[in-house]
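Participant: Sharing a structure, written as C-alpha cells. Questions coming.
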Amino acid sequence: MIFFNWAIFSPLVFLETCLEVMADKLKPDVMADGSERLFSFGVIADIQYADIEDGYNYQKSRRRYYRHSLLHLQAAIEDWNKESTMPCCVLQLGDIIDGYNAQYKVSEESLELVMNTFKMLKVPVHHTWGNHEFYNFTRDFLTNSKLNTKFLEDQIVHHPKTSPSENYYAYHFVPFPKFRFVLLDAYDLSVLGIDQSSPKYEQCMKMLREHNPNKELNSPQGLSEPQYVQFNGGFSQEQLNWLNEVLTFSDTNQEKVVIVSHLPIYPEASDSVCLAWNYTDALAVIWSHKCVVCFLAGHTHDGGYSEDPFGVHHVNLEGVIETAPDSQAFGTVHVYPDKMMLKGRGRVPDRIMNYKKEQASHF
Ligand SMILES: [Zn+2]
C-alpha cells in the first residue's frame, strides 16, 4: 500500500509548483533549448538622408532612396518601440545624412530632421561616424554635436588606460553585466573633415598617396590594396593601443565584447574596396584576445557576413539608403548566454551567431 506523504506535497508546495509552471509558460524569452535571453539591441546603418530625388550609387547599379530613408528610420523606431522586450539601445552605424546635403548647404537642417526622428525612440542611440559625416561636417563640429554620444560611455575607474584619448572618437559601454561594447573611430586616420594645415592631415595624405597613385583618390583602380581610397579611413596606433587595453581588461574580467565601427575589417565579409585602410592591424589586436564575439559595421550597403577563424562574427549591415520603399533594413540582436541572434527586417537576413565554446557563459 502506498501512502501519500502530505508532509512533502503540502498545498504550499503545490501552489509554488503551479506558479513556476505558469511563469515558465509566460516567459517569451526562453529558447526551446532552455537558454534565456539576456538583453537585446537594435542596429541600423547608412540612412544617408537627403531631401532630394532618388539617385544611383557610383557604379549606377543600385538606386538610392534619399527621401524615403527617413520614413525607413521612422518605421524602424516604431518597431523597436513596440518590441515585447525593449532593446537596451540602438547602434547607428554611421552615414546618417548624405554628402549631397553639403552641396546644397543644408547639412545642419537635415541632421536636425533625422535627430528629431530619433527622439521618438524610447532607448539611447549610440552614433558612429562615417565618411558622409565628414562630407558634411568637420571633426570639431561633430565633437560638439548630438552625434557625439561619448557621454553614454562606461569608465573602468581603476584602469585609466582603458579611457580613450580626445584624439579620436571612441568609447566603450556595458549594456548588460559581462557584455562590453566598443565603438571605434574608423576615420581616426583620414583626409576627411580634418584641418588641411594640420600635421595629422599631412601624415594621412602621405599614407593614402603611398598606397594610391591615382589622380582621383576615390578610385581603387589598379590598387593591390583597394581599400586605400579617400572615402575610407583607418585606426591610429594610439587608438589600437587603447583598444588593446580595453580587450585585455575584458579578457581578465571574462566579458564578451561587441565592436562597432562604420568600416568593416574582415575581407571575407566585405568588398575589399570598403575595408578600413589598416584593417589587418585592427584584426591583429582583436585576434590576440579571446573576448571579442562580434564586429558590426555599415558602409557597404550590400551587407555581408563571415565568421573568422577566431570565432568573431563579422556583420556588415545592409544600408537603409539603398532599400526600396516596400522593404526595410534594420535589425534587433537578441543576446543569449551562448549566442547572439540577429532578427533582421526586410533585406537584413536573420543570423545565428554562436560563441566559441570557451566564450559561452554560464548564467
Ligand atoms: Zn560610408
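Each reported figure results from applying straightforward, stated rules to the coordinates on display, with no laboratory input. Everything numeric in this text was worked out from a predicted model, so none of it was measured. Virtual Cβ from ideal backbone geometry, glycine too; neighbours counted across all protein chains shown.
Participant: Which condition does Ser198 not pass, out of (1) under 22 Å from Asn57 (Cβ atoms); (2) over 17 Å from the mean Cα position of the chain (by Cα), if it passes all the others?
Facilitator: (1)
Participant: Considering segment 118-177 alone, what residues qualify as being away from the ligand (no atom under 16 Å from the Cβ) and in a strand (DSSP E or B)?
Facilitator: Matches in segment 118-177: Val125, His126, Tyr171, His172, Phe173, Val174, Pro175, Phe176.
Participant: Can I ask one more? How about segment 29-61: which of its residues are part of a loop (DSSP other than H, G, I, E, B) and farther than 28 Å from Phe118 by Cα? Reasoning before the result, please.
Facilitator: Within segment 29-61, the first condition is being part of a loop (DSSP other than H, G, I, E, B), and the residues that meet it are 29, 31-35, 37-38, 45-48, 50-54, 57-61.
Met31, Ala32, Asp33, Gly34, Ser35, Tyr58, Gln59, Lys60, Ser61, listed by residue number.
Participant: Give the residues of segment 90-117 that are assigned to a loop (DSSP other than H, G, I, E, B) and either surrounded by 20 or more Cβ atoms within 10 Å (Cβ to Cβ) or within 16 Å of the ligand (Cβ to nearest atom) (or both), sorted by residue number.
Facilitator: Pass one, segment 90-117, residues assigned to a loop (DSSP other than H, G, I, E, B): 93-96, 98-99, 104-106.
Those that are assigned to a loop (DSSP other than H, G, I, E, B) and either surrounded by 20 or more Cβ atoms within 10 Å (Cβ to Cβ) or within 16 Å of the ligand (Cβ to nearest atom) (or both): Leu93, Gly94, Asp95, Ile96, Asp98, Gly99.
Participant: Sticking with this structure for a sec: Testing Ile265 on (1) assigned to a strand (DSSP E or B); (2) within 16 Å of the ligand (Cβ to nearest atom), one condition comes back false. Which one is that?
Facilitator: (1)
Participant: Same structure again: Any residue in segment 230-249 that is over 30 Å from Tyr56 (Cα atoms) and touching a Pro at 6+ places or on another chain (Cβ under 7 Å)?
Facilitator: Applying the first criterion (over 30 Å from Tyr56 (Cα atoms)) to segment 230-249 yields 236-249.
Restricting the remaining residues to those that are touching a Pro at 6+ places or on another chain (Cβ under 7 Å) gives 242.
The answer is yes; a qualifying residue exists.
Participant: Turning to a different aspect of this structure: For segment 307-335, enumerate the residues that are among the small types (Gly, Ala, Ser) and either in contact (Cβ under 8 Å) with a residue 24 or more places away in the chain or within 16 Å of Leu91 (Cα to Cα) (or both). So that I can check it myself, show each step before the final result.
Facilitator: Initially, segment 307-335 is screened for residues among the small types (Gly, Ala, Ser), giving 311, 319, 324, 327, 329, 331.
Within segment 307-335, Gly311, Gly319, Ala324, Ala329, Gly331 meet the criteria.
Participant: Somewhere in segment 290-298, is a residue over 16 Å from the mean Cα position of the chain (by Cα) and over 30 Å from Arg67 (Cα atoms)?
Facilitator: Pass one, segment 290-298, residues over 16 Å from the mean Cα position of the chain (by Cα): 290-291.
Imposing the further condition that a residue be over 30 Å from Arg67 (Cα atoms) reduces the set to 290-291.
Checked segment 290-298: at least one residue is over 16 Å from the mean Cα position of the chain (by Cα) and over 30 Å from Arg67 (Cα atoms).
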